[in-house]
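Read the structure below first, then the notes.
The values are calculated or read from the model by the stated rules, or taken from the named source; none is laboratory data. The shown structure was predicted, so the numbers you read here are calculated from the model rather than taken from an experiment. Note: ideal-geometry Cβ built from the backbone for every residue, glycine included; neighbour counts use all protein chains shown.
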Amino acid sequence: MTNNVNAYRSAILHSLADPAEVGIEASYQYFEDGILLVENGQVLEVGAASELLPKLQGVEIREYRDALITPGFIDTHIHYPQTGIIASYGEQLLDWLNTYTFPAEGAFADKAHAADVAGIFLKELLRNGTTTALVFGTVHKQSVDAFFEAAQALNLRMIAGKVLMDRHAPDFLTDTPESGYADSKELIERWHGKGRLHYAVTPRFAPTSSDAQLELAGKLFGEYPDLYMHTHLSENKAEIAWVKELFPARKGYLDVYDHHKLTGPRAVFAHGVHLCDDECKRLAETGSALSFCPTSNLFLGSGLFDLEKMEQHGVRVGLGTDVGGGTSFSQLQSLNEAYKIMQLQGKKLSPMKSLYLATLGGARSLYLDDRIGNFQTGKDADFIVLDYNATPLLSYRMQQARSLEERLFALTILGDDRTVKETFAAGRSVHQRD
Ligand code: GUN
Ligand code: ZN
């Protein structure tokens, strides 16, 4: 073994496939005493310690006891400029935007402010074990420069974009179809494909963009390879009624985006709480993805996402926190709330499906499963160490657990930022809890 290799010994768990497609048993790989080998920021090999140890003469091995190594979490929908308004009281979506969100986003005209918040935001993601996120900026292009500069300094795989918004918002937050297109293009040229960064064309949602702006957004989405499109869809009943009023010629909410060529692979729609069967079918056939944002859907009173319906239609689904509408940066807490959302619908969310949603499922919804999501050889070494003794209660609960699935389930219900002992991005330790 060369001295470029780093070895991490612990229990190790990663997803291999969607449990809905292959069954629970075939969906994961687990090593009770495993080793993860990392070389030049990538996964070299994962396996049982008994098999790998003989090959590791001269390699220093980091050992974690009472811990579980998993791939880094993937957050498929979050707003970095809303970090400071998380936990804002009392409103549903449209009033919440006007009361809290728009005033907070106005401050991002100042690049120094944007840089401060980007730093706080990325630290918070890493404290929670999230190594990749699809991120809204604000309408200001400097908000995206500040974000990408901070992400680049940490060598993170991140996706972000400037908000496009040319109506139904305060003057200080609007662009025009032409300026939005030009500013986005400038950012794409500067950042898309640079290191591990990717750009997302980001119309906020249908009500805040004119047809002219959505048309140009669709054109831009088609102009560069591997570009993302990131927006909101069918989150809240009053929002849906408003879209109907604003776009009377369209069949429904999704059709507004579809009409403007804003669907397809790498198009990611946050929420999709109130979609009809035809819309689900259309998402699946275009290869578009939904971001399921449990803490946000509950906090903003939006409704209950039907994960099972999306599975039946074959829609790609990732997990999102949607901070600041969402109430936690922790994907473990998102899974806690996701489980309850399924319970309220008389449905189940198995621990292995939860693991899949937070890791490989997120990677698949972002078409990044060739780079991240599990420990296949050659993928980015983005991984986390979860501590079974993070809190007295978790520790005591783990002592009662008799199976991996029981332990994993308790982690998703009781876990949060305290559970994440260490976070690695491209093989480098970027967060240490202690
Ligand atoms: N719809 C349009 N903008 C937003 C936003 O900032 N947050 C959420 N949750 N939904 C939105
Ligand atoms: Zn959102």
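Key figures
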| quantity | calculated |
| --- | --- |
| Count of region 16-28 residues which are surrounded by 16 or more Cβ atoms within 10 Å (Cβ to Cβ) and either part of a strand (DSSP E or B) or free of Cβ contacts under 8 Å to residues at least 40 places away in the same chain (or both) | 1 |
| Positions within region 66-92 being under 18 Å from SER330 (Cβ atoms) and assigned to a loop (DSSP other than H, G, I, E, B), in sequence order | GLY72, ILE86, ALA87 |
| Where a residue in region 94-108 is among the polar types (S, T, N, Q) and its partner, wherever it lies, is modelled with pLDDT of 95 or more and in a helix (DSSP H, G or I), with Cβ under 8 Å and at least six apart | THR101/GLN82; THR101/ILE85 |
| Some residue of region 184-204 being buried (at least 16 other Cβ atoms within 10 Å of the Cβ), within 16 Å of ligand 1 (Cβ to nearest atom) and without any contact (Cβ under 8 Å) to a residue 40 or more places away in the chain | no |
| Unique residue being out of contact with any helix residue (DSSP H, G or I) (no Cβ under 7 Å at 6 or more places or on another chain) and assigned to a helix (DSSP H, G or I) when the list is GLU51, GLU32, GLU63 | GLU51 |
| Qualifying residue in region 325-344 (condition: at positive phi and either in a loop (DSSP other than H, G, I, E, B) or over 14 Å from the mean Cα position of the chain (by Cα) (or both)) | no |
| Options GLU285, GLU279: the member that is away from ligand 1 (no atom under 16 Å from the Cβ), in a helix (DSSP H, G or I) and either in contact with a Cys (Cβ under 8 Å, 6 or more places away or on another chain) or free of Cβ contacts under 8 Å to residues at least 40 places away in the same chain (or both) | GLU285 |
| Subset of region 59-98 that is farther than 18 Å from ARG127 by Cα and among the hydroxyl-bearing types (Ser, Thr, Tyr) - its residue that is nearest to ligand 2 (Cβ to nearest atom) | SER88 |
| Residue within region 311-332 that is away from ligand 2 (no atom under 16 Å from the Cβ), under 23 Å from LEU68 (Cβ atoms) and touching a residue at least 12 places away in the same chain (Cβ under 8 Å) present | yes |
| Candidate set: region 206-250, residues that are of a type in the set (S, T, N, Q) and either away from ligand 1 (no atom under 15 Å from the Cβ) or farther than 21 Å from GLY161 by Cα (or both); chosen: the one surrounded by the fewest Cβ atoms within 10 Å (Cβ to Cβ) | SER210 |
| Lone unmet requirement of (1) of a type in the set (D, E, K, R); (2) under 30 Å from ALA114 (Cβ atoms); (3) touching a Leu at 6+ places or on another chain (Cβ under 6 Å) for ASP75 | (3) |
